[in-house]
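A.B. asks: The structure's right below; bear with me while I get my questions together.
The values are calculated or read from the model by the stated rules, or taken from the named source; none is laboratory data. The structure displayed is predicted, hence computed values, not measured ones. A quick note on method: Cβ atoms are made from the backbone with ideal geometry, for glycine too, and the neighbour counts reach across all protein chains shown. Surface accessibility is based on the protein's heavy atoms, side chains included, excluding ligands, DNA and RNA. Shrake-Rupley method; radii C 1.70, N 1.55, O 1.52, S 1.80 Å.
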Amino acid sequence: MEVKDIMTRDVDTIDKEEPISKALSIMKDTGIKQMPVLDGKRYVGMLTYREIMRRGSIKTSSKCYNFSINTPRLSDNMDIYKAIELLKESGLNAIPVFNKDSLIGILSRTDIIKNIDRIIGNADSIKNFQIMNSDPVTIEINDTVDDAIDEIRGFDEYEIPVTEKKVLRGILRIEDAMNAIIQDKEKISYGEFTSGKSKVEVIVSSIMDNPVSVYEDDSIKKTCDVMIKNNLHVVPVVNDKNIVTGIIDISDILNAIQTGEQEGYFIEISGLNDYDDDLYDITYFMADRFLSNVSRIIGKSGRLLIHVRKYKTEGRGKYSIRSKLIAGRYHLNVDKADYNYGRCLKEIFETYEEMIKEK
């Protein structure tokens, strides 16, 4: 199977000189989360909700090229498994597809899950509990949208489950949260979207969507169908009392696809900023040492996913780290929080070693 067999061909694009407000309007109307930015017919980069959310303050009149990011490029005849590996490594939701020098479409994570039964022959036999994150991030139904924006930004996702005492009540979408902030009249008058607190506090329950969920014993094929039907990238996993016990996002499903990757471990770090060089160095050093210690047991190839959230409590900076280790039959996740980043990582890797020994 090649990229051209499942890619999206009719793609919305935007000129690099257009204001970011126009791009956000197109994304809202179409439900897309990324859009190629062009200079005439020349591809400049990709505009994504995720990149916009990372900014602390945004003038809605700013040009789109200020927010576009560089991306890999796919050829339309590339093997689909190689393309999936590039999607995994890039952390992007979609990558542009070219025929020679002409942009002809994009390959998105959604394109993959739409065709999951063609890509994974046993998608009906892989269960959610095998790949889900069992320590889900949620927001409470009476939280403000400003607080939700901060949580989504740290979560680095497009949707987040809304709960009331752990019971699922709804789904908050990133575009709805952003629109609620942008429509604040005080901010519109200044032409800004900002991460600062709104003067009019909007409650999550007033803009959330109806709840959507799956069960731990459901197959990933069914979960993919739920994602497609409801245009979601994240689906809560619940028990028979509708209590959220985990979440599955598209990355979890992509990580279940065997792409024939070469020997070695892929380490993905999210949540850190460009100026966090020291934290990146610490993470790669400690992760490499940990993987060297356990690779003789779990195998010599796999993935280690690490998401970092920084926040303040009691006037001090604190780190919350969510992680997932995928190697052969091992699908493990460990989450820790600490005021010391290195110590937090050390506890995570020690916990993994204990879990591996127990298995």
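A.B. asks: Out of everything in the stretch 44-54 that is touching a residue at least 24 places away in the same chain (Cβ under 8 Å) and in contact with a strand residue (DSSP E or B) (Cβ under 9 Å, 6 or more places away or on another chain), what residue ends up being surrounded by the most Cβ atoms within 10 Å (Cβ to Cβ)?
C.D. replies: LEU47
A.B. asks: Since GLY91 meets every condition but one in (1) on the phi < 0 side of the Ramachandran plot; (2) under 22 Å from the mean Cα position of the chain (by Cα); (3) at pLDDT below 90, which condition does it not meet?
C.D. replies: It is condition (1) that GLY91 fails.
A.B. asks: Looking at the stretch 202-229, which of its residues are within 18 Å of ILE139 (Cβ to Cβ) and of a type in the set (S, T, N, Q)?
C.D. replies: SER205, SER206, ASN210, SER213 - these are the residues of the stretch 202-229 that are within 18 Å of ILE139 (Cβ to Cβ) and of a type in the set (S, T, N, Q).
A.B. asks: Would you call ILE14 crowded, with 16+ Cβ neighbours inside 10 Å, at pLDDT below 90, β-branched (Val, Ile, Thr) and more than 14 Å from SER108 (Cα to Cα)?
C.D. replies: The answer is no for ILE14.
A.B. asks: Going through the stretch 317-337 one residue at a time, which ones are open to solvent by 20 Å² or more (accessible area, probe 1.4 Å) and not aromatic (Phe, Trp, Tyr)?
C.D. replies: Result: GLY317, LYS318, SER320, ARG322, GLY328, ARG329, HIS331, ASN333, ASP335, LYS336, ALA337.
A.B. asks: Right, another one. Taking the stretch 14-43, which residues are of a type in the set (S, T, N, Q), without any contact (Cβ under 8 Å) to a residue 40 or more places away in the chain and either closer than 19 Å to ILE149 by Cα or in a loop (DSSP other than H, G, I, E, B) (or both)?
C.D. replies: The answer is SER25, and nothing else.
A.B. asks: Among what's in the stretch 206-236 and is among the acidic types (Asp, Glu) and within 14 Å of ASP249 (Cα to Cα), pick the residue that is farthest from the chain's Cα centre (by Cα).
C.D. replies: If we take residues in the stretch 206-236 being among the acidic types (Asp, Glu) and within 14 Å of ASP249 (Cα to Cα), then GLU216 is farthest from the chain's Cα centre (by Cα).
A.B. asks: With the stretch 225-316 as the region, which strands (runs of 3 or more DSSP E) entirely inside it contain at least 1 residues that are open to solvent by 30 Å² or more (accessible area, probe 1.4 Å) and touching a Leu at 6+ places or on another chain (Cβ under 6 Å)?
C.D. replies: Filter on the stretch 225-316 gives 264-270.
A.B. asks: Given (1) assigned to a helix (DSSP H, G or I); (2) touching a residue at least 60 places away in the same chain (Cβ under 8 Å); (3) open to solvent by 60 Å² or more (accessible area, probe 1.4 Å), where does GLY342 come up short, assuming only one miss?
C.D. replies: (3)
A.B. asks: For the stretch 70-77, check the following and say yes or no: at least one residue is touching a residue at least 60 places away in the same chain (Cβ under 8 Å) and outside any strand (DSSP E or B).
C.D. replies: Yes, the stretch 70-77 contains at least one residue that is touching a residue at least 60 places away in the same chain (Cβ under 8 Å) and outside any strand (DSSP E or B).
A.B. asks: Just to be sure before I move on: is SER61 under 11 Å from PRO96 (Cα atoms) and open to solvent by 40 Å² or more (accessible area, probe 1.4 Å) in the structure I sent?
C.D. replies: For SER61, the condition - under 11 Å from PRO96 (Cα atoms) and open to solvent by 40 Å² or more (accessible area, probe 1.4 Å) - is not met.
A.B. asks: Against the definition (in contact with a Phe, Trp or Tyr (Cβ under 7 Å, 6 or more places away or on another chain) and β-branched (Val, Ile, Thr)), how does ILE58 come out, yes or no?
C.D. replies: yes
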